[in-house]
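Here is the structure we will look at, set down as structure tokens.
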């Protein structure tokens, strides 16, 4: 059974301009749902958009995973009055209906997890439903506009623990078989299953207030999931971690970056004690490449814009977990990893937003002993294992 997902994105957004590309906990909004879909039981995930910048980003950033595909959608189906169903029909036609199950995902629901997606797929594949959707349970009392209650007796108000509540669509995941969709032309039809998600997932991002609420919820969820194990991997950003964050340019481009020799020795000692060193940087720098080669760091990834997704794939390939990782970062594009790994570190001169989320604020500045300090902390910490 071929299971694919559609993630529709529009270039224009009235509520929050550039919403899909705006960084949420350090990653583009759409990346949160996209990476969960990639690590789910889906066979392929299509980003269907009129934004060529996003398509270019996908081609460059996610080349490591063949499940992710970008597809250009028509302008007439990318307006704020176009229905989602019309987008689904256009998409299905564009791929010649090459699927058994079609899963509709929404970028504005970044709290969606791979488990939520799998649960919807299982309803169809295992339990033989025609379609499925995600819902949340709310214990709110609802009213009609004429002043009459919808779901309770005002003279017999139930206690929360005695009130079953209501199931409400959260707009996160919809799944349907090809036959049901071909007949109804609708995201859900036939025998419909419900998949309950956490109540926090009810908040969709349509305003700046929603954005701020969801960002806090997402960061808190990542941090609450943290567990501690022996540190087997040290993952490092470069600019603002290895270097002081400054770069000197000349007519021929990048000329000089400052590195601390003591950091290199600390990393060598760490590797001798079976801690693998990994470098991930958003910059594509020949100077950085040369320095990492000199340090014999074989796992060096340059030009990485979505460090969280790449780190997740890196660990999956090695059957390892985030609990075994120490991460050092200094700026917003490190936030997702800072919030997720077993132990996270920020140099003394890192940005305030990273300091607020890091487990450990170093006493040394970047390019001035920060990495060496991390190495010494890890050596002491690993002795208990």
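The values are calculated or read from the model by the stated rules, or taken from the named source; none is laboratory data. Small disclaimer: the values here were computed from a predicted structure and weren't measured. Cβ atoms come from the backbone with ideal geometry, glycine included; neighbour counts cover every protein chain shown.
Considering only the range 24-49, state which residues are outside any helix (DSSP H, G or I) and in contact with a helix residue (DSSP H, G or I) (Cβ under 6 Å, 6 or more places away or on another chain).
Of all residues in the range 24-49, those outside any helix (DSSP H, G or I) come to 24-28, 39-49.
Passing the criteria: 24, 25, 26, 27, 28, 39, 40, 41, 45, 47, 48.
Selection of the range 10-37 for residues being at pLDDT below 95 and either farther than 18 Å from residue 282 by Cβ or in contact with a strand residue (DSSP E or B) (Cβ under 6 Å, 6 or more places away or on another chain) (or both) yields 10, 11, 12, 13, 14, 15, 16, 17, 18, 19, 20, 21. The range 123-236 holds strands (runs of 3 or more DSSP E) entirely within its bounds, and those carrying 2 or more residues that are within 26 Å of residue 109 (Cβ to Cβ) map to 131-138, 166-177, 192-197. Residues that are more than 22 Å from residue 230 (Cα to Cα), without any contact (Cβ under 8 Å) to a residue 40 or more places away in the chain and part of a loop (DSSP other than H, G, I, E, B): does the range 299-311 have at least one? Yes. Scanning the range 206-247 for residues that are touching a strand residue (DSSP E or B) at 6+ places or on another chain (Cβ under 8 Å) and under 21 Å from residue 306 (Cβ atoms) yields 211, 214, 215, 218, 233, 234, 235, 236, 237, 238, 241, 242.
If you go through the range 342-364 and pick out every residue that is surrounded by fewer than 17 Cβ atoms within 10 Å (Cβ to Cβ) and over 29 Å from the mean Cα position of the chain (by Cα), you end up with 1.
Are any of the residues in the range 55-68 touching a residue at least 40 places away in the same chain (Cβ under 8 Å), surrounded by 12 or more Cβ atoms within 10 Å (Cβ to Cβ), in the same structural domain as residue 7 (by TED's automatic domain parsing) and part of a helix (DSSP H, G or I)?
Initially, the range 55-68 is screened for residues touching a residue at least 40 places away in the same chain (Cβ under 8 Å), giving 57, 60-62, 64-65.
With the extra rule that they be surrounded by 12 or more Cβ atoms within 10 Å (Cβ to Cβ), the set shrinks to 57, 61-62, 64-65.
Narrowing further to those that are in the same structural domain as residue 7 (by TED's automatic domain parsing): 57, 61-62, 64-65.
Keeping just the survivors that are part of a helix (DSSP H, G or I) gives 57, 61.
Yes, the range 55-68 contains a residue that is touching a residue at least 40 places away in the same chain (Cβ under 8 Å), surrounded by 12 or more Cβ atoms within 10 Å (Cβ to Cβ), in the same structural domain as residue 7 (by TED's automatic domain parsing) and part of a helix (DSSP H, G or I).
With the requirement that a residue be in contact (Cβ under 8 Å) with a residue 12 or more places away in the chain, over 28 Å from residue 25 (Cα atoms) and in a helix (DSSP H, G or I), what does the range 272-293 give you?
So in the range 272-293, the residues in contact (Cβ under 8 Å) with a residue 12 or more places away in the chain come out as 273-289, 291-292.
From the residues that got through so far, the ones that are over 28 Å from residue 25 (Cα atoms) too are 273-274, 286-287, 291.
Across the range 272-293, the qualifying residues are 286, 287, 291.
Exactly one residue out of 112, 79 is touching a strand residue (DSSP E or B) at 6+ places or on another chain (Cβ under 6 Å), at negative phi and either surrounded by 15 or more Cβ atoms within 10 Å (Cβ to Cβ) or assigned to a loop (DSSP other than H, G, I, E, B) (or both), and it is 112.
Residue 185 meets the conditions (1) within 21 Å of residue 339 (Cβ to Cβ); (2) surrounded by 12 or more Cβ atoms within 10 Å (Cβ to Cβ); (3) in contact with a helix residue (DSSP H, G or I) (Cβ under 9 Å, 6 or more places away or on another chain) in every case but one. The failed one is (1).
If you check residue 14 against the conditions, is it farther than 22 Å from residue 218 by Cβ, surrounded by fewer than 22 Cβ atoms within 10 Å (Cβ to Cβ) and touching a residue at least 24 places away in the same chain (Cβ under 8 Å)? Yes. The residue that is modelled with the lowest pLDDT, among those in the range 250-270 that are surrounded by fewer than 21 Cβ atoms within 10 Å (Cβ to Cβ) and in contact with a strand residue (DSSP E or B) (Cβ under 6 Å, 6 or more places away or on another chain), is 255. For the range 80-93, taking the residues that are out of contact with any helix residue (DSSP H, G or I) (no Cβ under 9 Å at 6 or more places or on another chain) and without any contact (Cβ under 8 Å) to a residue 12 or more places away in the chain, the one that is nearest to residue 176 (Cα to Cα) is identified as 93.
Yes or no: the range 135-157 includes at least one residue that is modelled with pLDDT of 95 or more and in contact with a strand residue (DSSP E or B) (Cβ under 8 Å, 6 or more places away or on another chain). Checked the range 135-157: at least one residue is modelled with pLDDT of 95 or more and in contact with a strand residue (DSSP E or B) (Cβ under 8 Å, 6 or more places away or on another chain).
With respect to the conditions (1) free of Cβ contacts under 8 Å to residues at least 40 places away in the same chain; (2) buried (at least 20 other Cβ atoms within 10 Å of the Cβ), residue 96 lacks only one, and its number is (2).
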